[in-house]
Structure formats: C-alpha cells, structure tokens
Amino acid sequence: MAASQRAELGASNVRLIKDKAARWGVTLGGGLVLMALLLIFFYLLYVVEPIFRGVEVEHQQSFAVPGQGQTVAMGMEEQSEIGYRFADNGELSFFALKQKPGTDWQPGQVLLTEQVADEPTAFAATQPQNKRYAYAVANGQARVIEPKFRSQFTNGRRLTTPVVGFANDGDLVQVDPQQRTLKQLAYEYDGESQLFAAVTADDKVIVNFLQASRSFLTGTVELQSKFAELPITGAVDNVKVTPDLSQVFVRQGNRFYVFGISRTGNVSERQILTIDRRRYGDITSMQLLAGASSVLFGHANGRVTQWFEVAGANGRQYEYIREFQAGTSAVTDIIAEYYRRTFYTVSANGEVGIFHTTSEANLYRENIDGIKADRVVIDPRANTLLMQSGDELHSFNLENEHPEVTWSGIWQEVWYEGYPEPQYVWQSTSGSDDFEPKFSLVPISFGTIKAAAYAMLFAVPIGLAAAVYTAYFMSPSVRKVVKPTVEIMEALPTVILGFLAGLWLAPLIEQYLPGIVATIILIPLAIIAFAAISTVLPKTWRNRFTDGRAALILLPIVAFVGWLSFELSPWVEQALFDGNVRQYITNELGITFDQRNSLVVGIAMGFAVIPTIFSIAEDAVFSVPKHLSNGSLALGATTWQTLTKVVLLTASPGIFSAVMMGLGRAVGETMIVLMATGNTPIMDWNIFEGMRTLSANIAVEMPESEVGSSHYRILFLAAFVLFIFTFAFNTVAELVRQRLREKYSSM
Amino acid sequence: MNKWFKSGKPYIWLTAGAVSVSLIAVLGLLALIAWRGLSFFWPAAIHEVEVQANDGSTRVIIGEVYDREEVPISRLQESGVTLEGFEGEMLERKLFKVGNREFVPLDFMWVMQPQIIRDETPQDLAVLERSKDGNFYGYVVDVLENGESVANSENLREVLFERIERAVEFNEKASDLQQGPIGAINYELNQLRLEARALDLEGQLTEAEQQRLAAEEQALNEQYKVLEKELFAYREAASRDSVVMRDMRGVDVTIPMYRVLDATFPNDMGVLSKVGHFFVQIGKFVSEDPREANTEGGVFPAIFGTVFMVLLMSVIVTPFGVIAAVYLHEYAGKNAITRLIRIAVINLAGVPSIVYGVFGLGFFVYMVGGTLDQIFYPEALPSPTFGTPGVMWSAITLAILTLPVVIVSTEEGLSRIPSTLREGSLALGATKAETLWRIILPMASPAIMTGLILAVARAAGEVAPLMLVGVVKSAPMLPVDGNFPYFHLDRKFMHLGFHIYDVGFQSPNVEAARPLVYATSFLLVTVIVGLNLTAIGVRNHLREKYRSLEH
C-alpha cells in the first residue's frame, strides 16, 4: 500500500517537475522576444559607440636618442617596428622601436647608420605620404634621400630591414644655378617631376622646377630644370611646396605669399595674405594638412588656424576657416597625418595636442605622462606616436580610430575643403586617398522625411477616408470583401511596388504629367458631380444608390475619369505647354525635373502605406460603440454630423495611432525609395527631384563599406537612428491604442 | 446646393470615392502585373515591315511589336526627326524588338507609323531562342550537318526540330555531367585541400598522411580526365549541325545548332498551339536556369533559393513564435514585464526591415559567423565559411523579422479557444503543461499554421535585409546538392525579390529584360497573394469553428 502510494506520489512529482519546467521554459521563451529587441538595440549601439570615443595614448618604450647631432626629422615604417632619424650633421640612422621575436633587437638599438650628406646647410621633408627628404649642401646643391624598408618572409615570419635609398641616382641636384648657399629648403615630387624652393644666403627665394619627360625611345626619364626667383625681399620664416607641385608658399612673419607654378614651371603670384596679428596672433609655425588643400598656422597664443582656398569674386583665394586651441603657449610644431585630416601640435611648454579639422574635434591636449615634448612624429597607420624630449625618445601607442566623426559634424553644417561655405553634405567615398569624407546625416535624414511626407500626403487622405467609409457607411456584405482586398495590398512585396514605380510609373508620369494632375483634380470633382446628379434622379433609382453601395457604384466612374485624364493629357500638353511639359518645367519655371522624383515615390510609397493606415483606422472607427452613434442620430443629428462630432472624435486616438504606424512604415521603407528615386543626397523640397533616404543609403553603401571603418559605423548609426524613429512612432501608437481599448471596454 | 453641402452628403460620397480609388489601385496593380507577366509567355506575331525613310529609301524590319505610343509631332521635331507630308498633331510610333543582337547595333527600333509602307506576318517567319545573344528572327533557309545540307523545302521544319532536339539533348547531357560528377570531383578536391591544411595547422601532416592525400587527389584527377573526355565528346556531337537563317538584311546567317534552344513559327500557330506553347514557356520559366546575366531563361535557382531560405526560416521561427505567444496568453501576469514584452512585439513588427539587415550583417555574419570560422573552420581562413553572408544568416535574420507575425496570429488563435476547455482539463487533474500540450496547442494548430503562412508570405517578399545578409545576383551552386553534407547553409543564394531588383535595375539591357521582370513579379505576387488568401481562409474557417464551440 505504502509502496504504491509512493509510486503515485513519484509520478505526480515527475508531472509537477514537468509542469514547472514548462512554465520556466515558456517564460524564458517569452522573455526572448524582449531580449531580441534589446539585443538589436544594444548591438547597434555597441557598433556605433567607438566613433565617439576619445584618443587614448599609452606609453610603450623610452630610450636615448640614437646617433649624433640635432634631430631635423624622424619617421617610422608601416609596422612601427623601425624608426629613423635625420640629424643636422647629415646623418641618417635607423633604429628599432621595440623588441621583435626572432631578432635580438632592443628598443633604440641602431640598425643602420649612414652619412647621406656632407655639411648640410638646410633640410627639407616632403608631405609624409611621399616619404622623401632632402639636404641642401654647399654650392646650392641638394641630395634627395628615400628611407626604404625591405620585407622578407622566412618561416612565415616577416623580417624588415632598412635600406638607404637615393632619388636621382644619388646625384646632387643643382638647385641654385648661381651656386649660392641655401639657408632653407622645401622639396616635393609628384611621382615624376620635382619641385625645389629655397632661400639663399642673400635672402632671395628661388624656385627650381625639375620637369620630367619620358623619352619614348629609351623609356628613360629626363629632368629639365626651370629656374625662377620670387619677388620677395627680406628674411623668410617658412617655405613650403604642395605635393601636386602647383603652389609655393612663403611666410614672412604674418605675411603669407602664394605663388602658382604652371605645368611648364612658370611662376605667377596668386595671393598675398596678411594674417591679422591682433585677431589671430603671431604665427610661429606652418604646415600643410593631408591632401595639401589646407594650410595650418600655429600662433604664439596657442591657437592653430586652418586656411584653404575658397572660390570668390577674385577666383580661388585662401581664407580663414576655423581655429583650434592647442594650448596657452606658442605652437612650435604642427605634424600632419598621412591620409586623414588629423594633425598633431607641439607647444612651447611641451604639450601635445591632437585635432581633426573636418569634424572640428579637439581630441587630446596634454603633457603626455608629464613629459615635455620637443618634437613628435606619427607612423603611416596613425597608431604609434614617437616623441623626442631632450636626449630621450618615447614611443606611445595611439588609439584614434574615428577622429573624423563627431556629433556636431554629423548634424551641423561643416565647411569642407574647396566648398564655398559650410554645408550639409553626404559623400562617404571617393577614388582618391586625399579625399575628405563628408559624413553629414542631415541630407539623408531630410530625404527620409521628404519621402515620408510626400507618401503621407498621398496616403493619409485616401487611407483615412476609405477607412471611415468602410467602417461607418458600408453595408456588411460589401465590407467583408473590401476590407481584405485593401489589406492584401499590405502583403505585396515592396520590391514589386518599387519596380513598378521605377520602371512603369516614373516614365508614365513623365509622359502624362498633365494627366496625373488632372486625375488628382478631376476625380473628386467627378464624384461630387455624380453625387449631385444622383439627388435629382427618380426615387427608384436613388434608392439603389444607397450610401452602403456608393463605393462600388463609383468604381466605373473613377476608372473612367482616370482613363479620360490620361487620354486628354497629350492634348492638354499640346495646348498649354507647347507639347512638352518637362521642357516647360525646366526652362520656363526653372525647376529641375528628374524622371524618378518625389511624386513617384509619394504615389508608390503612398500605396504601400494606405493599407496600414486603412486597416488600423478602420478597426478604430468600427469598434466605436454603436450606442454612441445611435444616441446622436436619435437626437436628430445627420449621419455626417454624427460621424464628425461623435464617431471620429471617439476614434481619434485610434486614427492617430494609424497615422503613426503608417509614418513608421514610410520612414523605414527601403526598396521603393531605392528603386523609384535617383538616390542623390540633396536637400530640396522640390517634388520633381529625388532624394536619398537613410534606409536606401544603408542598402546602397553597406555592402561596400569596410568592416570597422568610420563609414561602416556611421551606417550603423543611420540604422540606429531609423530604429529610434520607428521605435518612438510605434511605441506611442501602441500605447495610445492600448488606452483606447481600455476606454471602449469601459463604455 | 449650399444646404446639400451642409448635409455632408458630398463628403460621404468623397469618402466612398477613396474606397473606390484604393480598390482600383489594388486590382489595377494586380491586373497590370498579371497582364504584363503572362503576355511574356504568349507567342507574339512576328512582323515583316517595310519602312520608307524621308529620302525615299526603304528597308525591311523583322521583329515583334514591343510597344506603341502616341507622340506629339512638335516633340519629334525638337529632337531632330522630320517627317514630310504628314498632317496632324499626334503620331503613332511602334517599338520593334528585332533581336539578332550580334548583327544590329540596337535590338530595339522605333518606327513611325506613317513610314511603314508594308506590314505583313508571313507564316514562314521563325524565331530561334538561343543560349547566347538572345532571339534570332528570320526565315529558315537550310539545315546543315557538318556543313552539308540535309533538308529540302518540304521537310525543312521537321528536320530543324529534329536536329534542335538532338543538340539540346547533347547539351543537357554535357551540363548534367558538368554539374553532377565533375562538380562533385571539384568539391572533393577542395575538401582534400582543406583537409591537408587542417592537418598542417594541427601539426599532424605526416608523410603517411601526405601520401594518402596525394593518392586520393591523383585518383580524383584521373576520374576527372575520363569525364572531361566524355564532356568534350558531347560538346563535339552537339556542334555537328547548324541552321542557316535569312535575317532582315537579307543576309544568310549560319547559326550553330548547339546555341539554338528552340524554334517557333508564331505566325503559323493556331490558338490551341499558342496556348500549348504558352504553358510550355511557363514550365520552362520556372524550371530552367537563367542565361545572359539573368536577363533570359528561367528563374529556377531563385525559386529554389527563396523556398529553401523560407523553409529554413519557418523551422526557426515557429517554435520561438509559438512559445512567446503561449507565454503572453497563458502564463504572463498582468504586470509591467508583460506590457514591455507586448511593446517589444509591436516594435519588432515595426522596425524597418533594413535595420534587421544591418543587425544581421554585423551580429550574425561578422560576429557569430566570424567566431564560428575561427573555431571550426580555421583551415579555410582567411577565406570565410560562415563569416560571410549566406543562406543560414538570411533565414535567422528573417526569423526575427517575422517573429511578431507568428506571435500575433498564434495569440489570436489561443484567445479564441474557450476558457471552459482549459478549466475542464485542469478540473480533471491535468497540469497546466499537460493541458497546454494535449488540449490547447492541438486546437491552436490551425492558428499557428496561419501565422506561419503569413510569416512565409512576408519573408518571401522581403528583399532589403537579404541584400546585406546573403542574397546574390547569381549563385553558382544551389544550397542543396549531392555532395556531403548535402545542405550547404554557408552558401549564398538567389531570391525572387532580389532577382526583380537586380534584373530590373542593374542589368545592362533593361529594355530587353523588362518582360522577364514582370513575369518574375507575377510569379512572386501569385505566391504571396495565394499564401495570404490561404491564411485568411484558414483563419475564417477557424473563427466559424470556435463560434460554434462557444455555445
């Protein structure tokens, strides 16, 4: 007896455990939905977050400066394993920056040292990505040096060895034909031709353009010298040449000269700029930014100002653009990064600053580890910083992945290089390395709003009117057919709507524009006219045109008027617009007309949104308690009065929620806008122009963006913005609907 | 009149008009797609027209009338077209599809109606469907075997059809061989390479292993050589015959038979044979591979890819959707968490599909897939296995996207089951889990089915997220084949919706591809509307059933 009882108890225990397990399992499953949403939210955030991170600097190694003399330039190779240093005695030394497995390298150990110039009088470095250096030596001559690195793979391990390379076969170049001693030197080359600018001992500024011409017979390159003297007197502070060899900059105190060099080497004066001492402060240093379109001036008051050419009344002229506060003491050195618009400053008090021009980002400003910096240099990948402080070198790990993105840069007007004024621009990629990426989400957010607005303009009146009629007037038998028919439209793949919009509707609208306009005007007029006619018809007829069936009766009329408008369209076009509306709009009205425009998107996306709005609004109107409208009718109100004063007011939260849901759908729709617009990120409300929306932008650019790049993360940010948009709309709509349901149930 | 306006009658009519407009839009859209899609398969008459230019010279055009439109003369004059001796403001012009792509600069030609001085549809005009360069229009002149004529004017068509059939047969054998055994050998060779690399990574690539792998490779290579010989033999046999056609320039053109897929004489067809041809064409469309960068041929891989991905998605979404619905309806208390979950469901339904695509790409493909690759497929790195968009990630991404559809539908089904049934079961001593498993879920299964059908319909039409997580323009291999493990979830796939986007907007010859896009659209719309109607039917049936249960 006892045994069987225990068995029973055991069995029910198992059942209870199963029941418990089921409860836990199901609850967990329910929670998973919430988790999925949270996962999407936090994952998007997780990808976006690094773009707003600041700069992190971490100390790596410290060692004594290798080699003799004063440092004139330093550099690093791609992997940041080897550094090099040019000294004022003409010595180039390569040294290890860190220990490397497979070698006996110690940080600071000299790997190679060579005397590359004898008794140099001046020194010049190209822009960092060109990796060339020049020493001026006696008799107005110069030698161009190219530090090189050879990589070998042995047993799957890379070993890099430094090599001293010389341009021009190591020959000395006669910079000054008059053989004067050169006090200062500037040098650049564009792959073939070379440009020297120099200050001679008697304070003359000279320019020597070595134009390369390739001999077709032998294939050898010959350099032809073109010499010129610049009309400048007095001591010169800085001389610089641009990497495209088209401009020479000379600075005398706060006076800034720009000379243009033609392709044949002719020199012309382009601009003399006096930089206001009181406004900006005394200039203490000068540097070209990556891409060489901008000049940066460091000032004695610790400011750095950016100047670039802006098209104006007198052609392209250098103008003040923006400034950065690099500290309180004079800016002694500015260092440009290889490819990005990031620059580094060294102040007289040893502070190091890191800034990005496009995004106006102040990324870093500190005495790193309390060390007083004399000179810094950055590696090509911008993740190692080498700093000289007295007789010591310090290397630092630099984490600065996304300097080009700041919150203000994304949402505010930015003055991009070469643009006449600050603008909102989205242009994420380009063919060249020198390109300044333009990440403004404003034009594409604007496009999203524009597309949604035109779609709603079309969908809200039709969707709501149809919902009201279906719910309130239509006879139940007709409603049973009509409602699912309209709702089926919601299931239509948007790719098909987009395809029809782009390839069928867009050419149709272009060809029958007057017809489209006529349809919009004529159909309501025809309906009212028909209604008026129906009132004077004999009673037997009139009874058939009950309100319950009006929609079906109107079907042939609407179809006929639509057809008629299109049939008449060419004649109207002929009579009013000289046979070509498109030309009329472009030439006479001065409005741009694209074939795939907002009108097309409005109509196509309107159709995608109508069923959403219709379905929810219809439910809301239909579930208004019948006793409310019956009471109103019993008190003598007409059906229309009852509808507007009682039913619609009661159902208004539901209608609001329908519109919000529709808006949410229009904002996130991708395929229709992708296919029916030109996808150009412009900011213009013109109905005859296209737009680019957030969603289409993601669809277009995401497959091509590099994983982890700023571009990739900004696209995630676009997705995040969309997520937040629609989250807000949907949540508000759902909360309103829940409250409405409670209200109805209490009535 | 004023009073009439005040009564609100006109406004009621206007709202009725809105319903009419919506209905016309829906039905018109479906009709447009159906008409354009189906007419693609109907054999169109081939016209031979003689066109006289302004200077009196004439030329012959052979082709299908593809489009026609009315143009104002003034617009033509602006674009430099002059017509002499023609009065009136409007003018009709026709677009002819003339095919013969390798001989004419444009395979479409506009012709002004008044310039046509002769328009005939001779019965002997034939259209050859070719595997390259599109259709060929012209008269069949002769059939050649090894360059010798084998037909006379009496049996020309018979011989032509017979020879086409023979060539097609050999072509099929060759492609079967290529995709079957030869594909398998290539797959195995690749597997051997990966195996060697895997052993190397583990440090176990011994001499013995190396020899074994080399021997296997050698064996495969030998098999390959045999098959290759066979393949060349088939190709040789297929290229024995050719057909001579006279085109619209009056030039005789010899077309090798292995390029010809089919020949029709549409002008010589009765209605019955046209209907027959219509259905044959539809059959080919759904069963054949695409040709010419997807602008011709069938859409079989796209259908297969869509169905496979959707099935995979169904397997994932159903359990989760049902469990979540059961929780919400049967277990959840009336508390804040439940409300939060409900808001989450609504939001999951409302989040734009492209956001799912972005999430899928970042989270599933790069994060999860990348990790899987490092753990399970280190031998294939740096080329990714699961760390790249593929059919599995697409299915999972769409499963999250369609989760709310299943939840909402299942919950509705659960709410229709009378509570007396639950109470009865509980009163008889069943636990809640037993009630759920034995009573509630079986009764709710049609509702679950409805949800699943709606989810499938939604997923089949979704394109934007798939563009990021796995769909491609043209997949060389289906995700299911005869090579172990038979289901290749890491492969990319083709999809009907993306096919429409790609062919309609990214193909080099949009004009020629447009009918195919309409046909694909029609196919997709038929499937989706069909699924939706089924779901609505099931749901209505269910409502009726429970209405009777309640009494």
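None of the figures in this text is laboratory data; all of them are computed from the coordinates on show. In this text the structure is predicted, and so the values were computed from the model without any measurement. Cβ: placed from backbone, ideal geometry, glycine included. Neighbour counts: every protein chain shown.
Listing for the model above:
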quantity	calculated
Residue (of A:Ala300, A:Val207, A:Ile145) at the positive-pole extreme of chain A, dipole from beta-carbon charges	A:Ala300
For chain A, radius of gyration divided by Kirkwood radius, i.e. Rg to Rh on alpha-carbons	1.14
Hull-based mean projected area of segment B:435-487, where the convex hull spans the alpha carbons, in square nanometres	6.4 nm²
B:Thr388, A:Thr644, B:Thr206 arranged by Cβ crowding within 10 Å, fewest neighbours leading	B:Thr206, A:Thr644, B:Thr388
A:Ile232, A:Ile17 arranged by Cβ crowding within 10 Å, fewest neighbours leading	A:Ile17, A:Ile232
Pairwise centroid distance, computed over Cα atoms, of segment A:78-104 with segment A:383-418, Å	23 Å
Phi-based couplings in Hz for segment A:240-249 (Karplus 6.51, -1.76, 1.60; Gly and Pro marked x)	9, 10, 8, x, 8, 6, 9, 9, 10, 10
Residue-wise HN-Hα coupling along segment B:380-388, computed from phi with Karplus coefficients 6.51, -1.76, 1.60 (Hz; x: Gly, Pro)	8, 4, x, 7, x, 9, 9, x, 9
Dipole in debye (nearest 20) - chain B, about Cα centre, beta carbon charges: Lys, Arg +1; Asp, Glu -1	3360 debye
Cα-centre dipole for the protein assembly as shown with unit charges at Cβ (Lys and Arg positive, Asp and Glu negative), debye to 20	6360 debye
Other protein chain Cβ atoms within 10 Å, averaged over every residue that makes up A:34-45	5
Relative contact order (percent, whole number), chain B, Cα cutoff 8 Å, 6+ residue spacing	15 percent
Spherically averaged projected area of chain B from its Cα convex hull (nm²)	42.2 nm²
Span from the segment B:14-48 Cα centroid across to the segment A:683-743 one, whole angstrom	32 Å
Quarter of Cα convex hull surface for segment A:108-220, i.e. mean projection, nm²	9.9 nm²
Reach of A:Lys480 by Cα under 25 Å, taken over lysines that are not fewer than 8 positions away in the same chain	A:Lys626, B:Lys9, B:Lys545
Charge-dipole axis of segment B:46-121 as Lys and Arg at +1 and Asp and Glu at -1 on Cβ define it, positive-most pick from B:Met112, B:Asn54, B:Phe96	B:Phe96
Value of [θ]222 nm, deg cm²/dmol, for chain B, DSSP H segments ≥ 4, -39500 (n - 2.57) each, nearest 500	-18500 deg cm²/dmol
For segment B:173-250 versus segment B:92-158, the gap between their alpha-carbon centres in whole angstrom	38 Å
Peptide A:707-714 - average C-beta neighbours from other chains (10 Å radius)	1
Nearby lysines by direct alpha-carbon distance to A:Lys240 (threshold 26 angstrom, same-chain neighbours under 8 apart not counted)	A:Lys131, A:Lys148, A:Lys183, A:Lys204, A:Lys226
Proxy reagent accessibility, fewest Cβ within 10 Å first, across A:Arg85, B:Arg240	B:Arg240, A:Arg85
Lys, Arg +1 and Asp, Glu -1 on Cβ, resulting dipole of segment A:97-189 about Cα centre, debye, nearest 20	540 debye
